[in-house]
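Asks: Take this structure, written in structure tokens, and hold onto it; I'll ask about it next.
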């Protein structure tokens, strides 16, 4: 009987210790989630009448611009976004593979092209039309993209410089790429093409690492060169890409640039605010008109109005403001401020989906990545 009481006491203590341990891990997990989760709303309900800088569109460019401009505490910055906050659906945005579930939602402009004559033959929506997802949310299309971190060909930058874009050669732009980057892992340690401690997390793609290695091997067997770094000295060949991912979580521009900057008092963000026009006097932008919850508002600038509303949004706003092809504007009864070929030469990159069967089971996520999703 005495021995049974001892065992009972020991078992009770053991359970208590286990409960304490579980509680401790629970608290740690919660703290990690709290510290890594997006800040709660920082959007303002009532904007001021005047700011030094007005940035239109809080996407891949606008979030970065607003963050950088607000580094000067003497400058006031207003960032205007037509969509809402990404915190409303962070469960879907953060895991890299889940954002596709929000493609046709309120946080997407859901654009469709007109019928094409030389592409779109396999389009599922028919009529040779393409679906163009564009983010309508803080972070813009960086909340939906495939997170490929590819800076572009050095030869393109050099060609721009040769054609008169002074300051846009590869050697000119590389320092800015490096300043922005926080390369994670040790694969590129010591590389002159990479940098640590910048705001944007960059990782080697490990989501499909097993299939990726087989893809690289297949290219090598076909005689193509294997490359270690798409952003390095040699960019032509087969290799594993880098992605804008930090600790298994999508490294969007709102998470990496904008949210940290929102702690500054000189930066304000207006969400669900659709800019309809740049206000112009004597061919100079003086401010913008936007609609928030059905109410028209006007703000003016002291220094600059910056359009960063995307490849579709920025030309549209310019044309609504009277800057664009004269014939087109007049057909819509828009007063022509400046006859310019706005919207011309719009191009999209080539994408071909080529499905293939595999005869083996392959993990999409590594164990460490799966654990990071549970924690973060």
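Asks: Got a sec? Which of 235, 225 is more than 28 Å from the chain's Cα centre (by Cα) and under 30 Å from residue 192 (Cβ atoms)?
Replies: Details: 235 fails: more than 28 Å from the chain's Cα centre (by Cα).
The match here is 225.
Asks: Exactly one of these conditions fails for residue 53: (1) over 26 Å from residue 132 (Cβ atoms); (2) in contact with a helix residue (DSSP H, G or I) (Cβ under 6 Å, 6 or more places away or on another chain); (3) at pLDDT 95 or above; (4) outside any strand (DSSP E or B). Give me its number.
Replies: Failed condition: (4).
Asks: Out of 308, 314, report the one residue that is buried (at least 16 other Cβ atoms within 10 Å of the Cβ) and either at pLDDT below 95 or out of contact with any helix residue (DSSP H, G or I) (no Cβ under 7 Å at 6 or more places or on another chain) (or both). Working first, answer last.
Replies: Values: 308 fails: either at pLDDT below 95 or out of contact with any helix residue (DSSP H, G or I) (no Cβ under 7 Å at 6 or more places or on another chain) (or both).
Within the list 308, 314, the selection yields 314.
Asks: Another one. State which residue is farthest from residue 110 (Cα to Cα) when the search covers only the range 281-305 and only residues that are surrounded by 18 or more Cβ atoms within 10 Å (Cβ to Cβ) and more than 24 Å from the chain's Cα centre (by Cα).
Replies: Going through the range 281-305, the residues surrounded by 18 or more Cβ atoms within 10 Å (Cβ to Cβ) turn out to be 285, 287-288, 290, 299, 301, 305.
From what's left, more than 24 Å from the chain's Cα centre (by Cα): 285, 287-288, 299, 301.
On the way: 285: 29, 287: 28, 288: 24, 299: 28, 301: 31 Å.
Checked the range 281-305; the qualifying residue farthest from residue 110 (Cα to Cα) is 301.
Asks: Can you pull out every residue in the range 147-191 that is on the phi < 0 side of the Ramachandran plot, surrounded by 14 or more Cβ atoms within 10 Å (Cβ to Cβ) and touching a strand residue (DSSP E or B) at 6+ places or on another chain (Cβ under 7 Å)?
Replies: If the condition is that a residue be on the phi < 0 side of the Ramachandran plot, surrounded by 14 or more Cβ atoms within 10 Å (Cβ to Cβ) and touching a strand residue (DSSP E or B) at 6+ places or on another chain (Cβ under 7 Å), then 149, 180, 181, 182, 183, 184, 187 are the ones that fit.
Asks: Residue 235 versus (1) in a loop (DSSP other than H, G, I, E, B); (2) free of Cβ contacts under 8 Å to residues at least 60 places away in the same chain; (3) over 30 Å from residue 70 (Cα atoms): which is the lone unmet condition?
Replies: (2)
Asks: Please find, among 346, 263, the residue that is within 27 Å of residue 133 (Cβ to Cβ), part of a loop (DSSP other than H, G, I, E, B) and out of contact with any strand residue (DSSP E or B) (no Cβ under 9 Å at 6 or more places or on another chain). First the steps, then the outcome.
Replies: Numbers: 263 fails: within 27 Å of residue 133 (Cβ to Cβ).
Going through 346, 263 in turn, just one is within 27 Å of residue 133 (Cβ to Cβ), part of a loop (DSSP other than H, G, I, E, B) and out of contact with any strand residue (DSSP E or B) (no Cβ under 9 Å at 6 or more places or on another chain): 346.
Asks: Being modelled with pLDDT under 95, under 29 Å from the mean Cα position of the chain (by Cα), surrounded by 10 or more Cβ atoms within 10 Å (Cβ to Cβ) and under 30 Å from residue 302 (Cα atoms), is that true of even one residue in the range 60-80? Full working, then the answer.
Replies: Let us first name the residues in the range 60-80 that are modelled with pLDDT under 95, namely 60.
Checking which are under 29 Å from the mean Cα position of the chain (by Cα) leaves us with 60.
Next, only the ones that are surrounded by 10 or more Cβ atoms within 10 Å (Cβ to Cβ) stay: 60.
Now drop any that are not under 30 Å from residue 302 (Cα atoms), which leaves 60.
So far as the range 60-80 goes, yes, one or more of its residues are modelled with pLDDT under 95, under 29 Å from the mean Cα position of the chain (by Cα), surrounded by 10 or more Cβ atoms within 10 Å (Cβ to Cβ) and under 30 Å from residue 302 (Cα atoms).
Asks: Among the listed residues 276, 289, 300, which satisfies the condition of being outside any helix (DSSP H, G or I) and in contact with a helix residue (DSSP H, G or I) (Cβ under 8 Å, 6 or more places away or on another chain)?
Replies: Numbers: 289 fails: in contact with a helix residue (DSSP H, G or I) (Cβ under 8 Å, 6 or more places away or on another chain); 300 fails: in contact with a helix residue (DSSP H, G or I) (Cβ under 8 Å, 6 or more places away or on another chain).
Sole residue among the options that is outside any helix (DSSP H, G or I) and in contact with a helix residue (DSSP H, G or I) (Cβ under 8 Å, 6 or more places away or on another chain): 276.
Asks: Mind telling me which of the residues 190, 135, 198 ends up being within 21 Å of residue 259 (Cβ to Cβ) and either free of Cβ contacts under 8 Å to residues at least 12 places away in the same chain or assigned by TED's automatic domain parsing to the domain that holds residue 91 (or both)? Steps first, answer last, please.
Replies: Values: 190 fails: within 21 Å of residue 259 (Cβ to Cβ); 198 fails: either free of Cβ contacts under 8 Å to residues at least 12 places away in the same chain or assigned by TED's automatic domain parsing to the domain that holds residue 91 (or both).
Selected residue: 135, the only one of 190, 135, 198 that is within 21 Å of residue 259 (Cβ to Cβ) and either free of Cβ contacts under 8 Å to residues at least 12 places away in the same chain or assigned by TED's automatic domain parsing to the domain that holds residue 91 (or both).
The values are calculated or read from the model by the stated rules, or taken from the named source; none is laboratory data. What you are looking at is a predicted structure, and each value in this text was computed from that prediction instead of being measured. Quick reminder, even Gly has a Cβ in these numbers, built from the backbone with ideal geometry, and neighbours come from all protein chains shown.
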